């Protein structure tokens, strides 16, 4: 459960950071953040932080379901 929350938070942080960055550099106009260097830097840092969280979340997730019990043991021929 906590890993899922970590991943969702990381994704939201990336999306928020992208918006902040583009508003800070003036690509997304129409707000108090537009053209402000602070928001560009804050957005960049948010994207980096979110990426770290998502990578940590993805590394901890199993890549495939558990194999059936005993599948990794060699068979014995008689």
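The values are calculated or read from the model by the stated rules, or taken from the named source; none is laboratory data. These figures come from a predicted structure and were not determined experimentally. Methodologically, a virtual Cβ is constructed for each residue, glycine included, from the backbone with ideal geometry; neighbour enumeration extends over all protein chains shown.
Here are the numbers for the structure shown:
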quantity: Subset of region 20-54 (residues that are without any contact (Cβ under 8 Å) to a residue 40 or more places away in the chain and within 15 Å of the chain's Cα centre (by Cα)); calculated: 43, 44, 45, 46, 47, 48, 49
quantity: Filtered residue count, region 30-78, keeping only those that are over 28 Å from residue 3 (Cα atoms), exposed (fewer than 15 other Cβ atoms within 10 Å of the Cβ) and at pLDDT 85 or above; calculated: 4
